[in-house]
Amino acid sequence: MMERNESRKYLQHWLNNSNRPLLIIGAAYSGKTFFAKSLENEPQLAAIHYCTKIDPESLETGTILRNIAWQLVNRFPNLVIPKLASVTFLTHQNSALHHFLIKPLQSLPVPKVLSFILIDGIQKEIIPLINQLTKSLPSWLKLVITSRTLHDNELKIFDRFVILNIDENPNELIDFIREKLPQIDSDCVFECCQGSWFYISQYSRALNANLLTLPSTSRSSNDDNLFTLSSHRCNFIPNGVSALLTAIESELPTHLNLYLQLITASRRPPTRQRLIAAIVLTANRPTNLIESDLHECEPILECTDPLILNGAWRERFINDNECEEGHTLWAQFIQRTGCDTLQTLIEFAYHLAHSGELHYLDRIRILREFGADMIELKCPVFDYMTTDLLVKAGAVILNQRQQKHDFVFACTSGDWTSVMNLLDAVSIDELRSGLIAASSRGHADICKLILQADPHAANYVDSQQWNALRSAACNNHDNVWKSGHECVVRRLLKCNANVDKQDAEGRTALMAAAFMDHANIVSILLTNGAAPNIMDNYGSTALHLALSSGAQTFDHNETVAVLIKGGANLNLEDMNGRNCLHIAAYHGDQNLPTIIDFIQNIDAQDHNGRTSLMLASSQGHLIACQQLIEHGADTDAIDEFGRTALIIAAMSGFLNVCEMLVSFGADEGHKDNDGAVALHYAVAHSDLQLCKSLITSTTVQATDTRGVHPLLIAGQRSSVPIVEELLKVGAPIHLQSHDGLSPLRAAAISRNEKVLKYLLEYLRKNGEKLELDELDLDGVPLIHTLLVLRDRSMVTMLLEYGASATVRDSHGRSCAHIVAQLNDLKLAAIVRKYGAEFEARDEDGRTPLMIAVWSSNYKICHYMLETIGVAPNIADYQGATALNIAANNGQRDIVMLLLRFGAEPSICDNLGRCASDVAQLAGHDHIRVILK
């Protein structure tokens, strides 16, 4: 998936610098969901939810919160989420959100790294939920939402949000065009797509499926088998999404509208089998023909089973009037196959309500025949039209007093009265889920009630592998000192709760309490026989987890002390081979000196060969590093990559750690397995002081296994002061890497203009040869590389410092050949100013004009013929002229252009073929007619 780098940079800047939520807006199909999906692997993304009209449940408060909560539980294992009923989210939205999600989040230790939740494609019905989340989420968990472009009055609702208009950066869209449609001029597509990323994706899929073809003016290159389209022929490309859909629709099956209406009208995306069954039953089409049609429709489907339409196809029949036929067919299908469940009956009512009276005049009677008058609804269903029809057919919507209260919600919120009233009426599973919820909130009185009713509930494990004791040990309560979690734990233990009960990941109540730094609970559990050295599925003990929280509080220190006193083995290793000292060093824990006293080997290595000192240096923990060294840690120990603590600190750019390690005698000249010294990594950070601490006469000369030395890296990624410092100490300015890269070339290719200029001036000042026209190992001069990068300022700078505009690559191509291939008039003007030869021949005898014709580059052809005045009748070594090439490729516009500027049709190639003959052989009769 293509990276939207500019938008990512903005998101990262917002995350690190703003305390406000973020709203990403853009026109329909402008790539918002595409961007959201590209963030799924972002380390700081805690949860993501996609709202879409094709799945109406995705817009329901309960669905959104459950989906987000499930992802947060996976990220924060000590988050206890109660099992609230769906109706609770509707009837008590504010309170449900607080007790279901916000209160548990507020109880967690504050993570070191900020995280964010992303909700994509918000609709007006969830705006109240968005506003609640904005006000309630803890400061370390931020909110990002995406939406289509909003009107000014709608934007007022989001006045607290930072706004990113994703449409304002066209460069990302152009990159996407070049990735998906490399065979078509990006300027043309950019103009015609009108900002739609869907347009680009769908056009590409249509071309790949041969639903659309490129215009006749396109050509197939002998070099890359790609088609290119002359950029002035934009009228051949569908203009806008509607035009594209119309063009594709003409190539799809004749029953397309039937399929679109049925898929759109379905309450949820239908399975392939269900859609086929519905069409067979209601439209009398044979199964094999339907299967064939659906196969042909795959280029417009996002998913083939269940059937989900791609992008704008979903909105082809978005209005009820346009989709009545689809609803009618679904209603007929359900009526004929029967309503065997309440869900099917309500779905039947949904389709009847949207079918229109002409199709079903007696909808109320039909619903009653299927038992609608016997339904009791806890809340409105689907939409107003469906609910209204059901009520007219006799269904009853219960008011809040008539409905059964949510027992688990009462346990979660501490509603003792409701719990008492409901206690005898709830199921065993509800009772036990209520105990887990009450335990996590420290509601001791409610726990007492439930345990009196069902003592066995103490050992119940729910589907999420929670038990009451571990839930109480976590204590998801924002005011710990007010909660009764200690009483809950004692009562559960008194009821014979298994103190060492492990969940699916092997975690116990002791581990939960240790991670949350509940020292008193840890002490109670240990006193009642909890084993301190049980390992979870990842090999972590309770002490491992306590140290991994990264806390620096009195409660944390007390928890660590209690665990050590309770018999924790600090030398046990987790699945990564890390003991407690490794974990403490990595997090810079205050208890490090105490832990060192219990460790058998201070230089013990984990499975990556890293010692505690290396782990501390990787995170920049200066005090931890100093304490380890003072206790005898080896500063020059190496990991499996051959790296020392100094190299690891330099990789992360920790100046103070590097200075301290050097002061303790760390070897600046040590090479890792790649042959790199610490300075190789330091120069990438643009930190002058960091580099100075590592620069010696030896390290500036050091080359890695690829022949790269620090000055080469500095040329690519550093600033002028660092380059200057390296050169002062004797860095080799002419030394090339094994692949022929010099510092000068590295700076130029990386577009590091300031460093390039400094290096050029340095060489000139010292009377050294600039060697700007040297070829690299692939036989390409630097000026050609910069032309391909289309970097005009760097090209101009190099030419001003004496680079030749006539220099050839190993294939005899000059700068003029390159700009002809690129179709870039501004670059052509620059190299022409510095003496580029526009009639030079390459090794095959081709001129820049011929290269431009081969590439279908009309603009540069016109420029060379009219402005420069190149000769149109030069022949290559096979005797072919530019006109012969254009005739072979069927390029009508370029043929006409060449004829206008004096191209001679009668010139024959080495095989005796004139342009007309070539056109005939290539099957371009329209070109042959012109040439005759």
Checklist entry - When you count, for each residue, the other Cβ atoms within 10 Å and take the mean per peptide, how do 406-413, 679-686, 697-704 rank with the highest first? => result 406-413, 679-686, 697-704
Checklist outcome for this item: What the 5 Å binned alpha carbon P(r) of the range 584-652 shows, as percent of pairs per bin from 0, is 3, 20, 33, 27, 13, 3, 0
Item to check | For LEU309, residues with placed amide H under 5 Å, excluding near neighbours | outcome: GLU302
Next on the checklist: Order 592-601, 305-314 from most to least packed using the mean count of other Cβ atoms within 10 Å.
Outcome noted: 305-314, 592-601
Item to check | Length-normalised contact order for the chain - Cα pairs under 8 Å, 6+ apart - percent | outcome: 6
Checklist outcome for this item: Here the relative contact order (percent) of the range 747-861, from C-alpha pairs under 8 Å and at least 6 apart, is 20
Checklist entry - How much length is gained on full extension from HIS734 to THR867, taking 0.36 nm per residue of separation minus their Cα-Cα distance? => result 43.8 nm
Checklist entry - So how far, in whole Å, is the C-alpha centre of the range 443-457 from the one of the range 122-166? => result 41
Next on the checklist: Checking the cross-link filter: which lysines have an alpha carbon closer than 18 Å to that of LYS757, excluding same-chain neighbours under 8 positions apart?
Outcome noted: LYS728, LYS765, LYS769
Item to check | Whole-Hz ³J(HN,Hα) from phi, Karplus 6.51 cos²θ - 1.76 cosθ + 1.60, for the range 19-25, glycine and proline x | outcome: 9, 9, x, 10, 10, 9, 10
Checklist outcome for this item: Between ALA283 and ASN165, Cβ-based FRET efficiency (R0 41 Å, step 0.05) works out to 0.35
Next on the checklist: Modelling each spin label as a point 7 Å along the Cα-to-Cβ direction, I'd like the GLU505/ASN601 distance in nm, to one decimal.
Outcome noted: 3.0
Checklist entry - What ranking, highest mean first, results for peptides 38-44, 382-388 when packing means the other Cβ atoms within 10 Å averaged over each residue? => result 382-388, 38-44
Checklist entry - Using modelled amide H (1.01 Å from N, peptide plane; none on Pro or chain starts), what sits under 5 Å from the amide H of LEU164, excluding residues fewer than 5 places away? => result LEU23, ILE24, ILE25
Next on the checklist: If R₀ is 51 angstrom, what is the calculated FRET efficiency for the pair LEU150 and MET420, using the beta carbon separation as r and rounding to 0.05?
Outcome noted: 0.60
Item to check | Nearest-0.05 FRET efficiency for VAL391 and GLU774, computed from C-beta distance (R0 60 Å) | outcome: 0.10
Checklist entry - Over what distance in Å are the Cα centres of the range 681-701 and the range 592-657 separated? => result 21
Checklist entry - Hey, how many Å between the Cα centroid of the range 56-117 and the Cα centroid of the range 254-296? => result 38
Next on the checklist: As a test of the formula, what do you get for the chain when each DSSP H run with n ≥ 4 contributes -39,500 (n - 2.57) and the sum is divided by the residue count, at 222 nm and rounded to the nearest 500 deg cm²/dmol?
Outcome noted: -13500 deg cm²/dmol
Next on the checklist: Give the lysines whose C-alpha is closer than 21 Å to that of LYS448, dropping any in the same chain fewer than 8 places away, or say none.
Outcome noted: LYS83, LYS482, LYS494, LYS501
Checklist outcome for this item: In nanometres, the difference between 0.36 nm per residue of separation and the alpha-carbon distance of THR213 and LEU114 is 30.8 nm
Item to check | Structure-derived P(r) over Cα pairs in 20 Å bins from 0, in percent: which label, when the choices are (i) 12, 40, 37, 10, 0; (ii) 11, 29, 34, 21, 5, 0; (iii) 9, 23, 30, 29, 8, 1, 0 | outcome: (ii)
Checklist outcome for this item: Here, ASN239 and ASN131, labelled 7 Å along Cα→Cβ, have an inter-label distance in nm of 4.3
Checklist entry - Within straight cross-link reach of LYS156, meaning Cα distance under 23 Å, which lysines are found once same-chain residues fewer than 8 apart are removed? => result LYS32, LYS124, LYS135, LYS142
Item to check | Point-to-point label distance, ASP844-TYR384, nm (Cα→Cβ direction, 7 Å offset) | outcome: 6.8
Next on the checklist: Please list 3J(HN,Hα) in residue order for the range 829-840, calculated via the Karplus relation 6.51 cos²θ - 1.76 cosθ + 1.60 where θ = phi - 60°; whole Hz, with x for glycine and proline.
Outcome noted: 5, 5, 5, 5, 4, 9, x, 4, 9, 8, 10, 5
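No lab work stands behind these numbers, since they all come straight from the coordinates. Keep in mind it's a predicted model, so treat the numbers as computed, not measured. Quick reminder, even Gly has a Cβ in these numbers, built from the backbone with ideal geometry, and neighbours come from all protein chains shown.
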